[in-house]
Amino acid sequence: MSSTHEHSTRDHPGHDHTGHSHSEPEAHEREPDPEIVLRERALRELLIEKGIFTADDIRRAMETMEARSPAMGARVVARAWTDPAFKTALLAHANSAVTQFGVNMGVAELTVVENTAELHNMIVCTLCSCYPRALLGIPPSWYKAKAYRSRAVRDPRGVLAEFGTVLPAEVAVRVHDSTADLRFMVLPRRPDGTEGWSAEALERLVTRDSLIGVTTARAVDGACD
């Protein structure tokens, strides 16, 4: 079964895109199931008791996870924008390409999809919150919310509009559904007028939301300083 859903929609003028705002977490987002929390705690304590892990091992792993951020994804994108050979490798075999940055995707397959003048890509996980955390850190609350997970596939242009991303009708929108085994990251289009910019300056143009595909990368005054 393909994990990619293509929507080459041509929205009608005046179509209503009102709905859930993604700037804040969903108000009715549920707290973790208490039973699952208890199971996790019991399993963690059992693993420590059996000597498989120590409490320090778990603490360090949690600190490593919490320290991850979209900055790594931005570094990868800036490299792809300035190094054609790396870009080719990234689009063909992303897992291998990102190891140059010390990123290990583990058992998950990473696929990087490129935005072009004709195609805009957008990432979702319709079942839960599968996400390339090694590159982007912890997913935002709206990414995990049921409203985003359902509407991203059903009404991608409407969701994009809520993020301020309004695309021309001739641009196709392709929605990629992440799974436990397959993760996606968007390679945004490089903004015009950034020729000759340093990698560090280009990194500042790449946001978490542009790596998910709900916004685009844009040049801003002073970014190349």
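Scan segment 112-129 residue by residue and report those that are surrounded by fewer than 19 Cβ atoms within 10 Å (Cβ to Cβ) and touching a residue at least 40 places away in the same chain (Cβ under 8 Å).
Listed by number, the residues that qualify are Glu114, Thr116, Ala117, Glu118, Leu119, Thr126, Leu127.
Residues are listed down the side, and each one gets a yes or a no for (1) surrounded by fewer than 17 Cβ atoms within 10 Å (Cβ to Cβ); (2) in contact with a Lys or Arg (Cβ under 8 Å, 6 or more places away or on another chain):
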site	(1), (2)
Tyr131	no, yes
Leu136	no, yes
Pro140	no, yes
Arg151	no, no
Val159	no, yes
Arg174	no, no
Gly193	yes, no
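Say we look at segment 139-164 and pick out the residues that are in a loop (DSSP other than H, G, I, E, B), in contact (Cβ under 8 Å) with a residue 12 or more places away in the chain and under 16 Å from the mean Cα position of the chain (by Cα); which of these is nearest to His120 (Cα to Cα)?
If we take residues in segment 139-164 being in a loop (DSSP other than H, G, I, E, B), in contact (Cβ under 8 Å) with a residue 12 or more places away in the chain and under 16 Å from the mean Cα position of the chain (by Cα), then Phe163 is nearest to His120 (Cα to Cα).
Which members of segment 83-117 meet the condition of being part of a loop (DSSP other than H, G, I, E, B) and not acidic (Asp, Glu)?
His93, Gly102, Val103, Asn104, Met105, Gly106, Val107, Ala108, Asn115, Thr116, Ala117
Is there a residue being closer than 22 Å to Asn104 by Cα and touching a helix residue (DSSP H, G or I) at 6+ places or on another chain (Cβ under 9 Å) anywhere in segment 162-171?
no
Which of the numbered conditions does Leu182 fail, given that it passes all the others? Conditions: (1) in contact with a Ser or Thr (Cβ under 7 Å, 6 or more places away or on another chain); (2) surrounded by 18 or more Cβ atoms within 10 Å (Cβ to Cβ).
So the condition that Leu182 fails would be (2).
Here are Thr116, Thr111, Thr82, Thr88: which of them is under 23 Å from Ala217 (Cβ atoms), in contact with a His (Cβ under 8 Å, 6 or more places away or on another chain) and either of a type in the set (S, T, N, Q) or not assigned by TED's automatic domain parsing to the domain that holds Thr207 (or both)?
Unique residue meeting the criteria: Thr111.
The values are calculated or read from the model by the stated rules, or taken from the named source; none is laboratory data. Since we're looking at a predicted model, the values are computed, not measured. Here the Cβ is made from the backbone with ideal geometry for all residues, glycine too, and neighbour counts use every protein chain on show.
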